[in-house]
Structures are given as structure tokens and as C-alpha cells.
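One structure is given below, encoded as C-alpha cells.
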Amino acid sequence: MGFHNLKKKIKSNEGFSSKPYKDQLGHLTIGYGHLILSNEKTLLKKKIYKKELEEIFEKDFKKALNNFNSKLKFLTSNKKEAELLIEMIFQLGIKGCLKFNNLLKNMRKGNKHLVCFEMMDSLWYKQTPHRVKNLIKNFLNNE
């Protein structure tokens, strides 16, 4: 399963900044939504080139993909479901994604509309409504 288009969607949804900024929750972030960890303080001090931020994105995407493959792949039956979960993991982290118990149960059962309801009935939706609406639209496209 190739993920070139998913990477493009995630980059578009995240936006890009070559300088650190605070996300909706006040966490320092850079590049394509990369959360600056305590051991990455050098990202705050030196000039960061886009090439380096692209490499960080690739690492973050690979981490999200690995978490999906090891913890959630068994729930999915198609590429749209996989892409939705990978993007959720990319944005929320695996721990955040695993908190969506009802969403995950409904995905396993193939209840697409209830999956979307769970997305909308969340703090995540309140924090990033435009993004979640786009994810729902892509998820339901070509039903």
C-alpha cells in the first residue's frame, strides 16, 4: 500500500512552518506539525532548513505507520480506513488515537457513519474542526 497521497494530505492539513510555533494546545511545534520534544531543544535555537524538516516529517510519518501496523491495522478492511487511522495517529499520537474506543469498535464492525459520528463527538473535533471535517469527507468519499 503506497502512501504518497496520504503524505501530501497530511502535509496540507498540518501546514508548514520553518520556525517554532505553538499549536492549539500551546505545545511548541515546527515543520509539518512536529511536536518539539524536550531532547530536541536545538530546533528552537538554530536555523532549520526545509530539507531537515522534511526528514523529520518522514520519521514522524514512519513512526505513525509503524504504530498503525503494530496496533490498529487488524481493525481495517480498506485503504480509506487505514489512511484515516494513520493520520489520526500522526496528529494525536498512538495514545490519543487509542482513546477513541467507540470509533475503533465501529471501524472493526464496518459502521462508517458511526466512525464519523465519534470523530465529530470529540474534543479533537472542537480543537480542529476543519481538519476533522476534511477527514470525514475523504473517509466517506466514494461510499
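Run through segment 35-127 and list the chymotrypsin sites (Phe, Trp or Tyr not before Pro) located in a DSSP loop whose Cβ has at most 15 other Cβ atoms within 10 Å.
Of the chymotrypsin sites (Phe, Trp or Tyr not before Pro), the ones in loops of segment 35-127 whose Cβ has at most 15 other Cβ atoms within 10 Å are Y49.
Report the gain in length on full extension from N141 to S17: 0.36 nm times residue separation, minus Cα-Cα distance, nm rounded to one decimal.
41.7 nm
Based on the Cβ-Cβ distance of K59 and N5, what FRET efficiency does E = 1/(1 + (r/R0)^6) give at R0 = 30 Å, to the nearest 0.05?
Here the calculated transfer efficiency is 0.95.
Considering Cα pairs under 8 angstrom that are at least six residues apart, work out the relative contact order of the chain and quote it in whole percent.
After rounding, I find 16 percent.
Suppose R0 equals 25 Å. What FRET efficiency, 1/(1 + (r/R0)^6) with r the Cβ-Cβ distance, do H27 and M120 give to the nearest 0.05?
Numbers: r = 23 Å, r/R0 = 0.94.
For R0 = 25 Å, the calculated efficiency reads 0.60.
Report the extension gain between K133 and K73 in nm, rounded to one decimal, defined as 0.36 nm multiplied by the number of residues separating them, less their alpha carbon distance.
Roughly 19.3 nm would be gained on extension.
Between Y49 and L98, what is 0.36 nm times their sequence separation minus the Cα-Cα distance? Round to one decimal in nm.
Going from the current span to full extension adds 14.3 nm.
Taking the Cα centroid of segment 1-64 and of segment 72-94, what is the distance between the two, rounded to the nearest whole Å?
Taking the Cα centre of segment 72-94 as reference, the centre of segment 1-64 is 19 Å away.
Where nothing but the Cβ of Lys and Arg (+1) and of Asp and Glu (-1) is charged, how large is the charge dipole of segment 51-143 around its Cα centre, in debye to the nearest 20?
Dipole magnitude for segment 51-143 comes out near 340 debye.
On average, how much accessible surface per residue is there in the chain, in Å², for a 1.4 Å probe, leaving out ligands, DNA and RNA?
Normalised by residue count, the accessible surface of the chain is 61 Å².
By how many degrees, 0 to 90 and rounded to 10, does the Cα axis of helix 79-98 deviate from the longest principal axis of the chain?
Rounded to the nearest ten degrees, it is 60.
Gaussian network model of the chain, Cα springs within a sub-10 Å range: biggest mean-square fluctuation belongs to which of L44, L65, L104?
Of L44, L65, L104, the Gaussian network model singles out L44 as fluctuating most.
Leaving ligands, DNA and RNA out of it, report the carbon-plus-sulfur percent of the accessible area of the chain at a 1.4 Å probe. Each step should come with its number before you reach the end.
Values: 4550 of 8740 Å².
After summing per-atom areas, the C and S share lands at 52 percent.
The values are calculated or read from the model by the stated rules, or taken from the named source; none is laboratory data. Since this is a predicted model, take the numbers as computed values, not measurements. Neighbour counts are summed over all protein chains in view; Cβ atoms, including those assigned to glycine, are modelled from backbone coordinates with ideal geometry. Heavy atoms of the whole protein, side chains included, go into the accessibility calculation; ligands, DNA and RNA do not. Shrake-Rupley method; radii C 1.70, N 1.55, O 1.52, S 1.80 Å.
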